[in-house]
Amino acid sequence: MTHEFKEIVKAGTTAKSQGLKSVLASVVALDGSSYRRPGVRMLILENGKMIGAVSGGCVEKEILLQSDTVFKTGEAKMMTYDGRYRLGCEGILYILLEVFNPNETFLKAFKNCLEDRNTFDIQSYFEKKEGVFSGMGTQVKIDNKSFSISGNNLENQNDTLLNFQQNMPPCFKLIIIGAEHDAVQLCKYAALTGWEVTIVSGASEAKSISDFPGAHRFSAISPEEMDVTLIDNQTAIVLMTHNFATDLRYLVALKDTNPNYIGLLGPTKRREDLLSQFIEYCPNVEDDFLDKIHGPAGLNIGSETPQEIAISIISEILCVIRQEEPISLSKKTGRIHTS
């Protein structure tokens, strides 16, 4: 959810520069089931515009109405939304509404935290009932420093309140090594998913970041020049240069990194040949690194077009990072979300 919170901070900062107030809505508790789980947030601007969503679209109108008093009084409040009678979701949402007005110190610390790919924590203090209660609000903890979302001091006011805590990892990152048409499609779909996408192109290819809608970064470099220092366990990599020797060179360059997923295009035989030569070049490579390699990349969903292949690859990456076995939800017993 880090990318959603990042977009909320960005939108709130832009609104403030335009003289518009903002209210943050956070789902802090849930009884039963719902479309989204606690920790999801949205921002309401003074002009009625909403950024993000906390459900499939049914709760948002009620939140917009309830936010009116927060805009007028500046006081945080709790609202509930009972989906059992309106949605059939069999759940009650507990939603904290508060002014969104973080200071410049927070904005600078948050920017540095994202760029350095560090984790941060969000803590929301609330009552599990409707109304206005003293001490409610949200704070963000970065490098052991706490920042109030509303700008109000929350210290020493929260002993009697419930506390929803959420650890936020770095934004998930996808590195696409290759610059052909299928790489463009994968970039588009990954960006829509909320991932930060880096394109790595060959140094001689006449491409730029403008050729890849949604890309966060673009590099035209050789495998040996590739900066691998910011590849972490919140990173997936897909090798799709369509050149066996080039893929092998990039794989060698990645041998000491710790991504969550590495995808290879092409049939099983190509993967076996590639790994065989890779191990010859890097005989001491860790088994853990080899376990992260998936080829052919993607789930078997009958993909044929580049767009469908992109969906297949993104689906497999999601299964890997969420540690889920892909099955049809109609065949799953019990809850959709297990935690």
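Values in this text are rule-based calculations from the coordinates and carry no lab data. Quick caveat: nothing in here was measured; it's all calculated off a predicted structure. Neighbour counts are summed over all protein chains in view; Cβ atoms, including those assigned to glycine, are modelled from backbone coordinates with ideal geometry.
If you take the residues in segment 97-121 that are touching a helix residue (DSSP H, G or I) at 6+ places or on another chain (Cβ under 6 Å) and closer than 23 Å to Ser134 by Cα, which one is surrounded by the fewest Cβ atoms within 10 Å (Cβ to Cβ)? Selected residue: Leu97. Out of Ile314, Ile309, Ile293, one residue alone is surrounded by 18 or more Cβ atoms within 10 Å (Cβ to Cβ), of a type in the set (Val, Ile, Thr), under 28 Å from Glu115 (Cβ atoms) and touching a residue at least 24 places away in the same chain (Cβ under 8 Å). It is Ile314.
Would you mention how many residues in segment 1-26 are aliphatic (A, V, I, L, M), under 17 Å from the mean Cα position of the chain (by Cα) and not in a loop (DSSP other than H, G, I, E, B)? Show your work before the answer.
Here is the first cut: in segment 1-26, the residues aliphatic (A, V, I, L, M) are 1, 8-9, 11, 15, 20, 23-25.
With under 17 Å from the mean Cα position of the chain (by Cα) added as a condition, the list becomes 1, 8-9, 11.
Then drop every residue that is not not in a loop (DSSP other than H, G, I, E, B), which leaves 8-9, 11.
Going through segment 1-26 one residue at a time, the tally reaches 3.
Within segment 107-147, the set of residues being closer than 30 Å to Asp82 by Cβ and among the polar types (S, T, N, Q) comprises Gln123, Ser124, Ser134, Thr138, Gln139.
Quick check: anything in segment 218-241 part of a helix (DSSP H, G or I) and either buried (at least 17 other Cβ atoms within 10 Å of the Cβ) or hydroxyl-bearing (Ser, Thr, Tyr) (or both)? Quick ask: steps written out before the conclusion?
First pass over segment 218-241, keeping only residues part of a helix (DSSP H, G or I): 223-225.
After this cut, where a residue has to be either buried (at least 17 other Cβ atoms within 10 Å of the Cβ) or hydroxyl-bearing (Ser, Thr, Tyr) (or both) as well, the list is 223.
Yes; the residues of segment 218-241 include at least one that is part of a helix (DSSP H, G or I) and either buried (at least 17 other Cβ atoms within 10 Å of the Cβ) or hydroxyl-bearing (Ser, Thr, Tyr) (or both).
Taken over segment 135-178, the criterion of being without any contact (Cβ under 8 Å) to a residue 40 or more places away in the chain, aliphatic (A, V, I, L, M) and either closer than 17 Å to Tyr125 by Cβ or assigned to a loop (DSSP other than H, G, I, E, B) (or both) is satisfied by Val140, Leu154, Leu161. The set of residues from segment 304-324 being over 17 Å from Gly266 (Cα atoms), outside any helix (DSSP H, G or I) and of a type outside the set (S, T, N, Q) comprises just one member, Glu324. The set of residues from segment 242-261 being farther than 25 Å from Thr2 by Cβ, in a loop (DSSP other than H, G, I, E, B) and within 26 Å of the chain's Cα centre (by Cα) comprises Lys255, Asp256. Within segment 2-22, residues that are within 19 Å of Lys173 (Cβ to Cβ) sit with their Cβ atoms under 7 Å from residues that are surrounded by 15 or more Cβ atoms within 10 Å (Cβ to Cβ) and among the β-branched types (Val, Ile, Thr), at 6+ positions apart or across chains, in these pairs: Glu7/Ile51. Restrict the check to segment 192-211 and report whether at least one residue is over 26 Å from Cys282 (Cβ atoms), part of a helix (DSSP H, G or I) and touching a strand residue (DSSP E or B) at 6+ places or on another chain (Cβ under 7 Å). Yes, some residue in segment 192-211 is over 26 Å from Cys282 (Cβ atoms), part of a helix (DSSP H, G or I) and touching a strand residue (DSSP E or B) at 6+ places or on another chain (Cβ under 7 Å).
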